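The values are calculated or read from the model by the stated rules, or taken from the named source; none is laboratory data. The structure presented is a predicted model; accordingly, all values stated were derived computationally and were not measured. Here the Cβ positions follow ideal geometry from the backbone for every residue, glycine too, while neighbour counts run over all protein chains shown.
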Amino acid sequence: MEGYEKHDDNQQNDREEIYSKAVRAGKRTYFFDVKSTRKDDYYLTITESKKRIAPDGKMYYEKHKLFLYKEDFEKFADGLDDVISFIRNNNFIQEDINNDEQSNQTVSSEVQNSDFTNISYDDLEAKNG
């Protein structure tokens, strides 16, 4: 191949990897890696890594990789911002469920701290009997 210089693996990796950021999110880890082309242009790889268990019981990592080149950064960022805003603005159902659960926990703790919780079934039967 014309214009291609062969490097050993260590030289190749040192030249290509510019910056890296790992983000742990639950069962997944996202890796944001800035790399360099042979012409020293930067690009971004986004890798999603999930720990899995094979049928034989051995653990392995399932990886999905996305390559994002600098000419696409702005359009990608705009699209990502748009869908994240949509989710935040239109995902009221989950927020309502979380708010209801918090309200129920608050009411439950208020009831537990009141005098009403000290009534036994025997007390009820004596009053009604």
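Worth a mention:
- Criterion: within 19 Å of the chain's Cα centre (by Cα) and at pLDDT 95 or above - qualifying residue of K21, K75, K51, K27: K21
- Close pairs from region 71-95: first surrounded by 10 or more Cβ atoms within 10 Å (Cβ to Cβ), partner modelled with pLDDT of 95 or more and of a type in the set (D, E), Cβ under 6 Å, at least 6 apart: none
- Where a residue in region 46-57 is within 30 Å of F76 (Cα to Cα) and touching a residue at least 12 places away in the same chain (Cβ under 8 Å) and its partner, wherever it lies, is surrounded by 11 or more Cβ atoms within 10 Å (Cβ to Cβ) and polar (S, T, N, Q), with Cβ under 7 Å and at least six apart: S49/T29
- Residue pairs meeting the criteria (Cβ under 9 Å; at least 6 apart or on separate chains; first touching a residue at least 24 places away in the same chain (Cβ under 8 Å), in region 17-39; second assigned to a strand (DSSP E or B) and among the aromatic types (F, W, Y)): I18/Y42
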